[in-house]
Amino acid sequence: MARKPVASDSGFTVSISPRGASRLKEGHVWVYRSDVVSAESVPAGSLVSVIDHRGQPLGSALYSSSSQIAIRLISPEPVADFPALLRQRVADTIAYREAIIRDTDAYRVIFSEADFLPGLIVDRYNDILSMQILTQALDAEIVRQTLTSELTERLHPASIVERVDPRVRQLEELPSRASGLIQGEKTSTIFTMNGVQFHFDALEGQKTGAFLDQRENYAAAAQYAHGDALDVFCYQGGFALHLAPRCAHVTGVDSSRPALEVADQNAALNRRDKSQPEIEWIEANAFDLLKDYSASGQRYDTIVLDPPAFAKSKRDLDAALRGYKELNLRALKMLRPGGVLVTCSCSYHVSQDDFLEMLADAARDARRTLRLTEVRGQAKDHPILLNVPETGYLKCVVSIVSN
Ligand code: SAH
């Protein structure tokens, strides 16, 4: 079902319902298919003019012929030269990061809607860029060329890799494509954040590699960490490696053996002082392990919980909250007085209020008194667009058990 997207102002117009128009006027950038009144003969992936039911112009948007999100506004104005707009947007996102990112050569360069480039994710890992294209309009060859050339001119990467999410391409009715190099030859490197080094293999790993959105939370967690630490859902060791210099002993737990193998290599990379204890990596189901450990009276001074998203949709909310509560309850029971809990949720559908309420419930059931020291979110290179709540998803709560 390959369709040829149109990459410059196509002259096509999509008209939307009053409900869709008020959504845009409130500052959101999406209009759902159910609010599209007419999009006759508009080719897939076109840049379109959006009008309301009275014919009033509302801006320019990327049109998807298959996604439930039919319209993603890219400018409130008409766009005369789409490639020029893309170049300017890329330059702006890079300038934004130069102003606010510190202590790292790994960060999200472009975060889709939050950087006014809907459907585009670009992460930088030292000298490798990892790019993900999630919408029909940005899949056009001229768009790809414009983006890669602007990124190359400004960031001079050794290579650019594309990471393909086959499910998204299917939903967008785009031809299937393999992940791989799109420029240069280098596929692995070492990147540094907060002084901690990590191996990066562009063609392996989950998401686009590391969890860059936690970068500032790693540094925050390290400030409180002490004693015996447990990093649950540790992946390649993001939290564990940051806690290690501050703790007597650190254990990382994950169900993925490949992730733990990289975690172990990362630990070797950072353990310059051989008097520092080695991190212990355990391959296990976190729910089972926490159940066993809490039942057998294991105690810790620092526990990190960073599970995968439990709520993939609104329907999963109750089950997700039960899952979070079980984990947090068991962790709280295992913390010594003065112990630190760093607990995270990357489910957009679990709001910060839901998450704090779950934590309060868990503390009550565990008969522990908790003091919140920090309620945190995603790192600054994953900006949250205020009127597009979907761009904010990560919660990271640091608290101390007082009894
Ligand atoms: N804390 C990590 C990111 C965690 S992502 C970091 O900062 O880099 C979630 C992790 O949970 C993944 O590595 C995944 O392998 C692991 N995971 C998923 N389900 C699990 C389970 N039931 N038990 C243990 N680990 C699990």
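The values are calculated or read from the model by the stated rules, or taken from the named source; none is laboratory data. As the structure is a computational prediction, the values presented were derived from the model and not from experiment. We place every Cβ from the backbone using ideal geometry, glycine too, and count neighbours over all the protein chains shown. Heavy atoms of the whole protein, side chains included, go into the accessibility calculation; ligands, DNA and RNA do not. Shrake-Rupley method; radii C 1.70, N 1.55, O 1.52, S 1.80 Å.
Ignoring ligands, DNA and RNA, please state the percent of accessible area on segment 208-361 from carbon and sulfur, probe 1.4 Å. For segment 208-361, the apolar C and S fraction of the accessible surface comes to 48 percent.
For the residues THR369, THR152, a 1.4 Å probe over the protein chains yields an accessible-area ranking, largest first, of THR369, THR152. Here the scattering of segment 117-236 is modelled by Debye summation over its C-alpha atoms, one equal scatterer each and no solvent; at q = 0.10, 0.11 Å⁻¹ the log10 of I(q)/I(0) is -0.37, -0.44. CYS346 contributes about 40 Å² of solvent-accessible surface, heavy atoms of the protein only, 1.4 Å probe. Among ALA95, ALA219, ALA61, whose mean-square fluctuation peaks in a Gaussian network model of the chain (Cα, cutoff 10 Å)? Among ALA95, ALA219, ALA61, the largest mean-square fluctuation in the Gaussian network model of the chain belongs to ALA95.
Could you provide, to the nearest whole Å², the per residue accessible area of segment 279-375 with probe 1.4 Å?
49 Å²
Note on the chain: dipole from Cβ charges, positive end direction compared against THR13, THR135, GLN214; the farthest Cα belongs to GLN214. Each pair of Cα atoms in segment 296-368 enters the Kirkwood radius, and Stokes-Einstein at 4 °C and 1.567 mPa s then converts it into a translational diffusion coefficient of 104 µm²/s.
Computed with a 1.4 Å probe over protein heavy atoms only, the accessible surface of segment 1-152 comes to 40 Å² per residue. Counting only protein heavy atoms and a 1.4 Å probe, segment 169-263 has 40 square angstrom of accessible area per residue. Largest first, the residues LYS291, LYS325, LYS274 sort by 1.4 Å accessible area into LYS274, LYS291, LYS325.
Diagonalise the Cα gyration tensor of segment 93-187 and give the resulting equivalent ellipsoid semi-axes, square root of 5 times each eigenvalue, largest first, whole Å. Each step should come with its number before you reach the end.
On the way: eigenvalues 97, 47, 28 Å².
Square roots of five times the eigenvalues give 22, 15, 12 Å.
Dividing the alpha-carbon radius of gyration of the chain by the rule-of-thumb value 2.2 N^0.38 Å gives 1.06.
Ranked from largest to smallest solvent-accessible area, with a 1.4 Å probe on the protein heavy atoms, VAL375, VAL350 come out as VAL375, VAL350.
For segment 8-166, the share of DSSP beta bridges that are antiparallel, to the nearest 5, is 75%.
The alpha carbons of segment 185-249 occupy a box of 43, 22, 19 Å along the principal axes, longest dimension given first. Summary of packing: across the peptides 189-199, 50-60, the per-residue average of other C-beta atoms within 10 Å ranks them, highest first, as 189-199, 50-60.
The packing ranking, built from the mean of other Cβ atoms within 10 Å per residue, places the peptides 168-174, 181-187 in the order 168-174, 181-187, highest first.
For the chain, lysine pairs with C-alpha atoms less than 14 angstrom apart, excluding pairs fewer than eight positions apart on the same chain, total 4. How are the alpha carbon pair distances in segment 206-282 distributed across 10 Å bins from zero to the largest one, expressed in percent? In whole percents, the pair-distance histogram is 21, 56, 22, 1.
Using heavy atoms of the protein chains and a probe of 1.4 Å, the accessible area assigned to THR373 is about 60 Å². Between helix 141-155 and the chain, what is the angle of the helix's C-alpha long axis to the longest principal axis, kept within 0 to 90° and rounded to the nearest 10? Computed tilt is about 50 degrees. Put a dot 7 Å past the Cα of ARG257, heading toward its Cβ, do the same for ASP353, and the two dots end up 4.6 nm apart. Taking a ≥ b ≥ c as the square roots of the Cα gyration tensor eigenvalues, with a/c under 1.5 meaning rounded and otherwise prolate when a/b beats b/c, else oblate, which class fits segment 249-403? Oblate, because a/c is 1.5 or more while a/b does not exceed b/c.
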